[in-house]
Amino acid sequence: MSIVEATATAGPANARSLYTDLAAQVRESGLLGRRYGYYWHKIAMAVAAFSAIWVGVFLIGNSWFQLLLAGALGILLTQFGFLGHDAAHRQIFRSAAWNEWTSRVMAGFAGLSHGWWKTKHNKHHAAPNQEGKDPDIGPGVIAFTPAIVAERSGFAGWFARHQGWLFFPLLTLEGINLHVASVSPLFARGTSRQQRVESALVALRLAAYVVVLLLVLPPGKAGAFLGLQSAVFGLCLGGSFAPNHKGMPIVPPTTKIDFLRRQVLMSRNVRGGPMVDFALGGLNYQIEHHLFPSMPRPNLKRVQPLVRSYCEAHQVRYTEVGWMESYGIVVGYLNHVGLRARGPFECPITAEYRA
């Protein structure tokens, strides 16, 4: 059975009502309501911790103990990134303007551009893991699809065959990559004035960061502080996104699929307690987040039983694995993506529609 035949088997009327019925149940549950207390507490704690770290930097002075604060700052900036993500999805406030400015400020703490990231992230949410539409699986240093691997030879081909083992070391550079991407609109043609201003402010924030470090520390220690902080930030932030879709089915460019299956079948949840919730910023409930992106982060855990039972009742595969297992899946997939003759989309999705 081809993908087109499988889609037709599902029936357009049934496909349309599948998400509509679930959304109605979720609205009735009240879990789409704002959680102001939760978010004000998170923002206040993050700002207080940020201030405390910099007070510590000035108090400690010229010492290698600064590297402890560098690691803590990398973890904290990841939390600012999560808050910026939540605000960009309008999870925090009812007001679109309040959410947008909160996202700008929170992302600014992390040295990221709200405008650049939101444009890219919206495309991902619209078509997760779909070739030609999801920028998160587009061509880059890492090859996420067999088609990209097939185009590479020589050293690039060797790299693609071993990229799973290199993925997490490369994540230590992801912070720098995101900073560069956030500033790049300054030099791109056709960039809006608002985006240029935002990128300029991010560039100013990054420059001020380096200047302050050089005022407190000699160049060697300042470089070590900056390097460790960037590595921890990239590893934590990249590591929070990696388990969500990598190794899940890749959707061919022209395939059409209903909203619920598009979001559920290409997403993976990660089991765990409060530590996993903190480390992944609530993105461990990726299925629920993709189905209801404006739902406040603390409510994702509460809506999970409803979503999971609904998917089981309608025979839509709901994927959830352990934290370390999810990373093992990512490494294994990336090391073998070029060896998979069958499309990773076809087998599991067709099975869902046949059911």
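At a glance:
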quantity	calculated
Gly247, sole failed condition from (1) small (Gly, Ala, Ser); (2) modelled with pLDDT under 95; (3) part of a helix (DSSP H, G or I)	(3)
Qualifying position, being more than 25 Å from Arg268 (Cα to Cα), touching a Gly at 6+ places or on another chain (Cβ under 9 Å), surrounded by 20 or more Cβ atoms within 10 Å (Cβ to Cβ) and at pLDDT below 95, among Ser199, Ser192	Ser199
Residues located in region 210-219, provided they are in a helix (DSSP H, G or I) and surrounded by fewer than 16 Cβ atoms within 10 Å (Cβ to Cβ)	Val210, Val211, Val212, Leu214, Leu215, Pro219
Looking only at region 182-217, and only at residues there that are basic (Lys, Arg) and in contact with a helix residue (DSSP H, G or I) (Cβ under 8 Å, 6 or more places away or on another chain), the one that is nearest to Asn62 (Cα to Cα)	Arg205
Exclusive hit being surrounded by fewer than 18 Cβ atoms within 10 Å (Cβ to Cβ) and at pLDDT 95 or above, set Val303, Val321, Val307	Val321
Qualifying residues in region 263-297 (those that are outside any helix (DSSP H, G or I) and among the aromatic types (Phe, Trp, Tyr)) - the one farthest from Ser17 (Cα to Cα)	Tyr285
Among residues of region 20-38, those that are surrounded by 14 or more Cβ atoms within 10 Å (Cβ to Cβ) and over 26 Å from Arg308 (Cα atoms), counted	0
Residue under evaluation Val26, criteria (1) more than 14 Å from Leu300 (Cα to Cα); (2) among the β-branched types (Val, Ile, Thr); (3) more than 23 Å from the chain's Cα centre (by Cα), criterion not met	(1)
Which listed residue, of Val55, Val26, is free of Cβ contacts under 8 Å to residues at least 40 places away in the same chain and either assigned to a helix (DSSP H, G or I) or not hydroxyl-bearing (Ser, Thr, Tyr) (or both)	Val55
Matching helices (runs of 4 or more DSSP H) fully within region 114-180 where at least 2 residues are within 20 Å of Ser240 (Cα to Cα)	114-126, 154-171
Unique residue being assigned to a helix (DSSP H, G or I), free of Cβ contacts under 8 Å to residues at least 40 places away in the same chain and of a type outside the set (Val, Ile, Thr) when the list is Leu300, Leu226, Leu237, Leu260	Leu300
Hits in region 91-113 - residues which are assigned to a loop (DSSP other than H, G, I, E, B) and closer than 22 Å to Ser182 by Cα	Ala110, Gly111, Leu112, Ser113
Meets criteria (under 25 Å from Ser240 (Cα atoms) and touching a residue at least 60 places away in the same chain (Cβ under 8 Å)) for Ile92	yes
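Yes/no per residue for (1) within 21 Å of Ala222 (Cβ to Cβ); (2) of a type in the set (Phe, Trp, Tyr); (3) at pLDDT 95 or above; (4) touching a helix residue (DSSP H, G or I) at 6+ places or on another chain (Cβ under 6 Å):
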| position | (1), (2), (3), (4) |
| --- | --- |
| Gly11 | no, no, no, no |
| Leu22 | no, no, yes, yes |
| Glu28 | no, no, yes, no |
| Leu31 | no, no, yes, yes |
| Met45 | no, no, yes, no |
| Ser51 | yes, no, yes, no |
| Leu67 | yes, no, yes, yes |
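The values are calculated or read from the model by the stated rules, or taken from the named source; none is laboratory data. Everything quoted here is computed from the prediction, not taken from an experiment. Positions of Cβ are backbone-derived with ideal geometry, glycine not excepted, and every protein chain shown enters the neighbour counts.
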